Every structure is written in structure tokens, then in C-alpha cells.
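**Q** My questions will all concern the structure given below.
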Amino acid sequence: MLNIINIEITHMPFHEKSAWLMALVLLVSSLFYFGAIVYMSPEGGIAPPTLPVLIVYTIFLVVLTVLGQIILAITSIKDASKRIDERERRIFEKAGAISSSILASGTVLALFLFLLTYNGSLLFYTVFGSLIVAQLAEYFLQIYFYHRVLS
């Protein structure tokens, strides 16, 4: 029996399992993306954003997401087709509202950094990183709220 933070995975609601899966997929694919950027960057500089690297990242993210969600749906057939209830709807709304604030803060930070450095690559990566951090926060907040509401 697999335990995640002392919680049996078999007793998790489907959408909580999905949030764990999506957080893991986004984290792994983003680490690969930013690792590639660091590798391509010259010493003391930052590589400009390139479309091919972004396309590979997107394909990797989509493939992992689709495969993961298919496996999750197959292993949780009964739960996968259930509609979300009012408690889950509030969980999603609250997590989404907080993650929106994180995205807005990251975007403002990116604009401020651009005004200081005039570095368009830094602007791109800061906004892109903010999107990723905000989405990760949304998944982890959903997990947190599931435990707060359903425990």
C-alpha cells in the first residue's frame, strides 16, 4: 500500500490524486526545461528563449500528462466519472484564487526586473517561471485544502 505523507493513496479523492500527478509532471518537466536553459546559457549570461526548446518542453509535458491521467482514470474508474461536489468546487476556487495572486506577483516582479536590467530573456523566464510556480501552488493548495476539509 502506497502512502504519501501518511495518507493512503487508495482513499484519496480522484481529483486529489490528479493534483498530485499534475504537480509531479509539471515539476519534472519544468526541471528538465530550466536545466536545458542553464546548460545552453553562456557563462555569466542567460540563453535567449528558443521555440524548439519550448516545443519539446510542451510535448514532454502533454505526453506525461495524458499518459498519467489515462493510468489514473483506469485505476480509479468509479471515481474518475464522478462529478465534483460543492466542497471540491470551493477547494478549486480557493486554490485558484491564491495561485492567481502568485502569478500576478511574479509578473509584476518580472516587469520590475526588466525595468532594472532591460533583459528580455530574463523577462520571459521570470513570467514563464511565475506561470509554473503559480500552477504548482494551485495543485499543492488543492491537496492541502483536501486534507483540511476532508480530514
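The values are calculated or read from the model by the stated rules, or taken from the named source; none is laboratory data. Here the structure is a predicted model, which is why all the values come from computation and not from measurement. Here Cβ is always computed from backbone atoms with ideal geometry, including for glycine, and neighbour counts include all displayed protein chains. The protein model used for the area step is the full one, side chains on, heavy atoms only, and it has no ligands, DNA or RNA in it. Shrake-Rupley method; radii C 1.70, N 1.55, O 1.52, S 1.80 Å.
**Q** Give the stretch 87-112 a look and list any residue that's under 26 Å from Gly45 (Cα atoms) and either crowded, with 16+ Cβ neighbours inside 10 Å or among the charged types (D, E, K, R) (or both), or say none.
**A** Within the stretch 87-112, Leu103, Gly106, Thr107, Ala110 meet the criteria.
**Q** On the basis of being more than 16 Å from Ser18 (Cβ to Cβ) and surrounded by 13 or more Cβ atoms within 10 Å (Cβ to Cβ), does Phe140 make the cut?
**A** Working: more than 16 Å from Ser18 (Cβ to Cβ): no; surrounded by 13 or more Cβ atoms within 10 Å (Cβ to Cβ): yes.
Here the answer is no, as Phe140 does not meet what is asked.
**Q** State the number of residues belonging to the stretch 57-79 that are open to solvent by 50 Å² or more (accessible area, probe 1.4 Å), of a type outside the set (Lys, Arg), free of Cβ contacts under 8 Å to residues at least 12 places away in the same chain and over 18 Å from Val127 (Cβ atoms).
**A** Qualifying residue count for the region: 10.
**Q** On the given criteria, is Ala47 modelled with pLDDT of 95 or more and closer than 17 Å to Phe124 by Cα?
**A** Values: modelled with pLDDT of 95 or more: yes; closer than 17 Å to Phe124 by Cα: yes.
Considered against the rule, which asks whether it is modelled with pLDDT of 95 or more and closer than 17 Å to Phe124 by Cα, Ala47 comes out as yes.
**Q** If I filter the stretch 39-53 for residues that are in contact with a Phe, Trp or Tyr (Cβ under 7 Å, 6 or more places away or on another chain) and among the hydroxyl-bearing types (Ser, Thr, Tyr), do I get at least one hit?
**A** No, because not a single residue in the stretch 39-53 is in contact with a Phe, Trp or Tyr (Cβ under 7 Å, 6 or more places away or on another chain) and among the hydroxyl-bearing types (Ser, Thr, Tyr).
**Q** I'm trying to understand the selection: among the residues of the stretch 40-56, which are assigned to a helix (DSSP H, G or I) and loosely packed, with under 12 Cβ neighbours inside 10 Å?
**A** Within the stretch 40-56, the subset assigned to a helix (DSSP H, G or I) is 40, 51-56.
Correct list: Leu51, Pro52, Ile55.
**Q** Determine whether Gly106 is out of contact with any helix residue (DSSP H, G or I) (no Cβ under 6 Å at 6 or more places or on another chain), closer than 22 Å to Val28 by Cα and either among the small types (Gly, Ala, Ser) or outside any helix (DSSP H, G or I) (or both).
**A** Numbers: out of contact with any helix residue (DSSP H, G or I) (no Cβ under 6 Å at 6 or more places or on another chain): no; closer than 22 Å to Val28 by Cα: yes; either among the small types (Gly, Ala, Ser) or outside any helix (DSSP H, G or I) (or both): yes.
Judged against the criteria, Gly106 is not a match.
**Q** Another one. Sort through Ile84, Ile37 and tell me the only one that's open to solvent by less than 80 Å² (accessible area, probe 1.4 Å) and touching a His at 6+ places or on another chain (Cβ under 8 Å).
**A** Only one candidate qualifies: Ile84.
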